[in-house]
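Right, one structure below, let's go through it.
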Amino acid sequence: MTQHMLSEDELIRVIQRTVKSRGRVRLGIGDDAAVLKDGTVITTDAYAEGVHFDLSYMSLRQVGERCACAAISDVVAMAAEPEAVLVALALPRVGSEQLAVSSFPSPQPSPARGEGVADAVRELYKGIESVCTEMKCEVAGGDIIVADQLMLALTVTGKTKTPKLRSGARPGDHLYVTGYLGSAEAGRLLLVEQVKSQKVKVKGQNGEWRMAEKILRFAQNDRIARPLVRRHLRPVPRLAVMRKVKSCIHGLIDTSDGLSTDARHLCEMSGVRIVLDAEALPVLPGVSRFCSARGLDLIDFVLGAGEDYELLFTSRRLLSATIRDVKVTRIGSVEKGSGLRIRREGSALPVTVTGYDHFGVDEHQTGC
């Protein structure tokens with residue numbers, strides 16, 4: 001008899017039933033971050049090689065950038081100003097030589113082991129620091145251990161007097177999203193395809209092989225792929241937009257798990273129905289071309305594609321189509337009722353597509 005694997009949401013509910021409130025936390029489990037009574041916002045996220053990042057096409061600096069963007073996005077999705085980042089780093093027990101080599105362009109000679117690991121860690125933190133500089137927050141500490149694989153856990157703190165929650169959506173609101181949808185997942189898949197098709201390899205330390213820099217050169221030189229790959233590798237949080245529209249936001253979340261999953265969170269936490277407009281969903285030409293070339297339904301792809309880290313929010317106001325040089329699109333409406341629907345070809349149908357769930361994929365899939 002096959003044992004049923006609980007979903008991520010089901011496990012969160014198990015945890016909620018197990019732990020007790022003692023009145024010290026204003027908002028606990030269930031949103032993008034926790035909120036303390038003094039307005040401090042705290043979130044933590046874990047990232048593992050092969051699940052959240054792929055060293056076959058990413059440098060360690062890019063790993064640091066991507067993980068920092070994702071973690072800080074949760075604070076921005078509470079309408080808070082990010083302040084501090086703490087990094088718990090697990091270095092691989094075996095394969096530290098490969099880790100050291102991965103921080104260097106392939107034409108360079110391999111460093112000595114100790115120097116190589118130090119330089120690898122430096123590159124990782126350079127990536128985190130570059131995002132912190134852009135977000136005007138700072139690395140404030142952390143921990144380093146040795147484990148079986150490269151992993152990071154980032155804790156980010158922020159501050160706000162008026163957090164915006166998933167439970168804030170109201171009937172009569174408009175539903176908005178920043179930027180474009182499906183870009184990060186299309187960018188990831190394009191890079192994975194390049195890795196699989198790439199025949200030119202560069203020999204690294206101890207006979208290990210790694211992919212040539214040609215993969216990322218493809219991403220930089222291909223005009224259609226470039227913005228998709230950029231959103232996958234460095235999904236900078238929409239802090240400037242949040243600051244501008246914060247006062248008129250009702251419900252707020254970021255698109256980490258996919259439009260369908262994250263919109264459902266708004267529905268369930270707010271006790272409302274959301275109706276998406278299929279024709280309004282903003283996608284870059286590269287995403288349309290990607291889906292068309294592979295026989296994928298564009299709308300289904302966009303509904304399920306996650307890790308864009310765009311802001312998904314509701315507001316009673318009609319907003320400008322561009323805010324702080326970022327595209328903002330009205331993609332639906334909030335109504336009385338429950339559930340998520342999509343208006344497509346004249347009919348409002350239930351949304352059956354779901355986004356990423358760590359516990360709902362098989363061992364061969366990743367969430368990179």
For this session: Please work out if Val334 is at pLDDT 95 or above, of a type in the set (A, V, I, L, M) and within 14 Å of Leu189 (Cα to Cα).
Result: no
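Among residues belonging to the range 3-35 that are of a type in the set (D, E, K, R) and under 30 Å from Val63 (Cα atoms), point out the one that is surrounded by the fewest Cβ atoms within 10 Å (Cβ to Cβ).
Step one: filter the range 3-35 for residues of a type in the set (D, E, K, R), giving 8-10, 13, 17, 20, 22, 24, 26, 31-32.
Still in the running and under 30 Å from Val63 (Cα atoms): 8-10, 31-32.
On the way: Glu8: 14, Asp9: 16, Glu10: 12, Asp31: 22, Asp32: 24.
So, considering only residues that are of a type in the set (D, E, K, R) and under 30 Å from Val63 (Cα atoms), the one surrounded by the fewest Cβ atoms within 10 Å (Cβ to Cβ) is Glu10.
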For this session: Considering (1) more than 20 Å from Thr261 (Cα to Cα); (2) touching a residue at least 60 places away in the same chain (Cβ under 8 Å); (3) assigned to a loop (DSSP other than H, G, I, E, B); (4) not hydroxyl-bearing (Ser, Thr, Tyr), say which one Asp38 fails and leave the rest.
Result: (2)
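Arg170 - would you say it is basic (Lys, Arg), surrounded by 20 or more Cβ atoms within 10 Å (Cβ to Cβ) and modelled with pLDDT of 95 or more? If you could, list the steps in order and put the result at the bottom.
Details: basic (Lys, Arg): yes; surrounded by 20 or more Cβ atoms within 10 Å (Cβ to Cβ): no; modelled with pLDDT of 95 or more: yes.
Here the answer is no, as Arg170 does not meet what is asked.
When the residues of the range 36-60 are filtered to those that are among the acidic types (Asp, Glu) and either under 27 Å from Ala80 (Cβ atoms) or exposed (fewer than 15 other Cβ atoms within 10 Å of the Cβ) (or both), which remaining residue is farthest from the chain's Cα centre (by Cα)? Show your work before the answer.
Let us first name the residues in the range 36-60 that are among the acidic types (Asp, Glu), namely 38, 45, 49, 54.
Still in the list and also either under 27 Å from Ala80 (Cβ atoms) or exposed (fewer than 15 other Cβ atoms within 10 Å of the Cβ) (or both): 38, 45.
Numbers: Asp38: 27, Asp45: 10 Å.
Result: Asp38.
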Exercise. Do we find a residue being modelled with pLDDT of 95 or more, under 21 Å from the mean Cα position of the chain (by Cα) and under 20 Å from Cys69 (Cα atoms) anywhere in the range 288-305?
Worked result: yes
For this session: Name every residue in the range 8-22 that is assigned to a loop (DSSP other than H, G, I, E, B) and at pLDDT below 75, in order of residue number.
Result: Arg22
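The values are calculated or read from the model by the stated rules, or taken from the named source; none is laboratory data. Bear in mind that the values here come from a model prediction, so they are computed numbers and not experimental data. Note that each Cβ is placed from the backbone with ideal geometry, even for glycine, and that neighbours are counted across all protein chains shown.
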